[in-house]
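Chemist: Quick one: this structure, given as structure tokens, is what I'll be asking you about.
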Amino acid sequence: MFNMQQKCLEIIKARPRILHQLLSIIDSVTREKSDAGYSADALACQILVFFLNGPSMWILELGETDYLSSDYDFPPGKTKDNDEILLEWAAVKSIHKYFIHLQDWKYILLKKWNELQSETHEDIVKCSILRILVNLTYECELPTSLWFSFLTLAYEAAQKVPSEATVRRSKSLPSLAQIDVLIRRERMVTIERHPLCLSLVVASQYTLGPLLLLRIVHCIYKTYGTDITSWKTLPDNTLPHDHLQRVQQIASGEVLGPLMRNIILHRIPYVKKEGTRRFEQIFSSNSGLPEEFARSSYWFAAELAMAVKVFEQDAGSDKEEWAHLVPKAEKELVACFGNISLMSSKLGEYYLSWRYANLAVTACNKIDPAEAEWEGWNLSALKEKNIARRSDAATKLNAADNQ
């Protein structure tokens, strides 16, 4: 569980040109729409997501410190796991450095996105590009000025796309439920004597589009401030000055306000509900691992809710239109943390179960009880439920150690 990115780093060191070769495939291949999921560029994008992924089932917004720090003693005998996680984070950072120093990576991803914009349905390549870019927004060595180039892409990706329910009713469009699990390949692949079990779920554009836009605007806020609409010119080394009006439009309250309301009131609850639907549907048909598919949806919803929470902390005065809705996102975040813990326990992954139960408890401790009561949810009951999950995971971890 804790060494996937270390294995990926070993492959890159053994074959230093592999990332460049994947980009070359993405850049050079054109395909028929009927081959959207299995063409060379699609497969190259999927492999690239594996290489540029974070630690297994961890939300990058939480970072390395939140993964390892805790206000509650971790079950004894798990120091080795923590050491392994530190090595995994180091591998993630090293792989990102390899990638961002490649020539033309930005141009190739932008070019491929623009090529696919004429298609009316979701595409695994587009989803992969969004996932890669979201992950790279956490790379501190990338200058913020670079993200101006991706602002329009993120804006386009965040616009209204069909909900999964709508798409399922349409015979002309593929199901988003199929799209965001398409990258999951249940097979063992050996590259240069390094075995990799390629199993990873990538969210749909419905989730990743707004997530990327929030991440990019947040990066710009942190570096240049929030008063973008008053700019007379764009910062140096960003975009030509004739792009100023476009940047100001995207970062304006007229755009971000309705989007934030849509994310909090519709997208986060929908993706969370989709997790429950998947668990019930797949479980009833007795096919696959319903907990794994459900956990992915809860993870996507939690990632988006976490981005909303962080964005609100650094947003300017324009947030007045939607800031009062953030407690709703916090509620969904705690619920998703707990559901990830529950699904991880059912999968026998008790370390992750403990981690996410503890995150839920920690989040509850930071929420104002009066605010929670105003929103109509029982904070103490939610906290106790996750304390019980945390305790259960600790017991099972200790039992496994004693076998």
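Chemist: Quick check on the stretch 345-356: of everything there that is touching a helix residue (DSSP H, G or I) at 6+ places or on another chain (Cβ under 7 Å) and over 14 Å from S391 (Cα atoms), which residue is most open to solvent (accessible area, probe 1.4 Å)?
Modeler: Looking at the filtered set, the residue picked out is K346.
Chemist: Another question about this same structure. Could you look through the stretch 225-282, keep only residues that are at pLDDT 90 or above and among the aromatic types (F, W, Y), and pick out the one that is nearest to the chain's Cα centre (by Cα)?
Modeler: Across the stretch 225-282, the extreme among qualifying residues is Y270.
Chemist: Quick one: F337 ticks every box in (1) assigned to a helix (DSSP H, G or I); (2) more than 19 Å from E303 (Cβ to Cβ); (3) aromatic (F, W, Y); (4) free of Cβ contacts under 8 Å to residues at least 60 places away in the same chain except a single one, so which number is it?
Modeler: Single failed check for F337: (2).
Chemist: Can you tell me which residues in the stretch 349-381 are at pLDDT below 90, within 16 Å of W299 (Cβ to Cβ) and among the hydrophobic types (A, V, I, L, M, F, W, C)?
Modeler: Answer for the stretch 349-381, where residues must be at pLDDT below 90, within 16 Å of W299 (Cβ to Cβ) and among the hydrophobic types (A, V, I, L, M, F, W, C): just L352.
Chemist: Additional query: How about the stretch 220-329: which helices (runs of 4 or more DSSP H) wholly inside it have at least 3 residues that are open to solvent by less than 50 Å² (accessible area, probe 1.4 Å) and touching a residue at least 60 places away in the same chain (Cβ under 8 Å)?
Modeler: Ranges flagged: 253-262, 268-285, 290-314.
Chemist: Let me ask something additional. What helices (runs of 4 or more DSSP H) completely inside the stretch 14-89 contain at least 3 residues that are at pLDDT below 85?
Modeler: Where helices (runs of 4 or more DSSP H) fall fully within the stretch 14-89 and carry at least 3 residues being at pLDDT below 85, they are 63-68.
Conditions (1) loosely packed, with under 11 Cβ neighbours inside 10 Å; (2) of a type in the set (A, V, I, L, M, F, W, C); (3) under 26 Å from the mean Cα position of the chain (by Cα); (4) in a helix (DSSP H, G or I), marked per residue:
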position	(1), (2), (3), (4)
A363	no, yes, yes, yes
I367	no, yes, yes, no
A370	yes, yes, no, yes
E373	no, no, no, yes
K383	no, no, yes, yes
I387	no, yes, yes, yes
A393	no, yes, yes, yes
K396	no, no, no, yes
A399	yes, yes, no, yes
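Chemist: Give me the pairs: first residue in the stretch 378-403 and more than 13 Å from L352 (Cα to Cα), second residue outside any helix (DSSP H, G or I) and not aromatic (F, W, Y), beta-carbon distance under 7 Å, and six or more apart or on different chains, which are they?
Modeler: L379/I367; N398/P75; D401/G77
Chemist: Shifting gears a bit: Hey, among L109, L176, which residue is modelled with pLDDT of 95 or more, over 15 Å from V217 (Cα atoms) and touching a helix residue (DSSP H, G or I) at 6+ places or on another chain (Cβ under 7 Å)?
Modeler: Being modelled with pLDDT of 95 or more, over 15 Å from V217 (Cα atoms) and touching a helix residue (DSSP H, G or I) at 6+ places or on another chain (Cβ under 7 Å) holds for just one of L109, L176, which is L109.
The values are calculated or read from the model by the stated rules, or taken from the named source; none is laboratory data. None of the values given here were measured: they were computed from a predicted structure. Every residue, glycine among them, receives a Cβ derived from its backbone with ideal geometry; neighbour counts consider all protein chains shown. All accessible areas refer to the heavy atoms of the entire protein, side chains included, with ligands and DNA or RNA removed. Shrake-Rupley method; radii C 1.70, N 1.55, O 1.52, S 1.80 Å.
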